[in-house]
Amino acid sequence: MSEQQFTWLPFFNEMLMKICTEYNSQTLAKVFNEIFPRQQDENPKNNKIPFQEVDPLTFIACFNRNIAPNNRIELCKQAKEIMNLQAPLPSDFMGIPCFSNFATWFVRYTYKREKDDISLLWAFAQKRLKAQEIEEKEIETLVKLPFIGITKISQFLFICFPKIYYPMDANTCSFLGIQRET
């Protein structure tokens, strides 16, 4: 492994740690709106508004959309400054799974969202940070939420904890020779 590869590992691990220990859904939304001003919530339908709350999974996924690496680095630079992150900026995104630009969020628009959707995602992220075991019931609850499947959950886990989890996306499953579940 080259020193120029996988430079994103400490950055996203620290980002999740900082999110889970120093932010809540509202304070993270303020940072999210500053870094991703084009990402807009809706409430009511067709009424674009800034996010009032956001979850850690959506936040981290938005850095890993299928956009040019230099644009991703710029987004990371903004987060580093705003969140006072100490890890070096990533210089590559080798091996990191990209989220579809049209399916990055782990939540629905506010007018469609259930009241517990964001708190479930926060609890999931915080348990992972504490290295607590993933319970089957927990995954079953998350995958019942719209916009979430095992693929997206595994991608998030890999980005923050690549030594523990594999992304179950099409590329990884093909490489491992296993059937992908959605």
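Coordinate-derived values only; no laboratory data. Bear in mind the structure is a predicted one, so any value in this text is a computation, not a measurement. Note that each Cβ is placed from the backbone with ideal geometry, even for glycine, and that neighbours are counted across all protein chains shown.
With a simple spin-label model that places each label point 7 Å from the Cα along the Cα-to-Cβ direction, the separation between K30 and Q5 comes to 4.1 nm.
With N counted as the residues of the range 1-83, its alpha-carbon radius of gyration over 2.2 N^0.38 Å works out to 1.17.
State the extension gain, in nm to one decimal, for the chain segment bounded by D92 and E133, taking 0.36 nm per residue of separation less the distance between their alpha-carbons.
On the way: separation 41, 0.36 × 41 = 14.76 nm, distance 2.98 nm.
That works out to 11.8 nm of additional length.
Across all Cα atoms of the range 68-130, the radius of gyration (one decimal) and Dmax (whole number) stand at 14.9, 38 Å. The calculated P(r) of the chain, using every Cα pair and 10 Å bins from 0, goes 9, 38, 38, 13, 1 in percent. Summarising the label geometry, the points placed 7 Å from Cα in the beta-carbon direction at K144 and E22 lie 3.6 nm from one another.
In terms of distances greater than 25 angstrom between alpha carbons, the cross-link table entries K18/K137; K45/K127; K48/K127; K115/K163; K45/K144; K80/K144 yield K18/K137; K45/K127; K48/K127; K115/K163; K80/K144.
Computed over the range 113-158, the P(r) tail beyond 18 angstrom holds 20 percent of alpha carbon pairs. In plain terms, the chain from E81 to Q39 could stretch by 13.2 nm, reckoned as 0.36 nm per residue minus the Cα-Cα distance.
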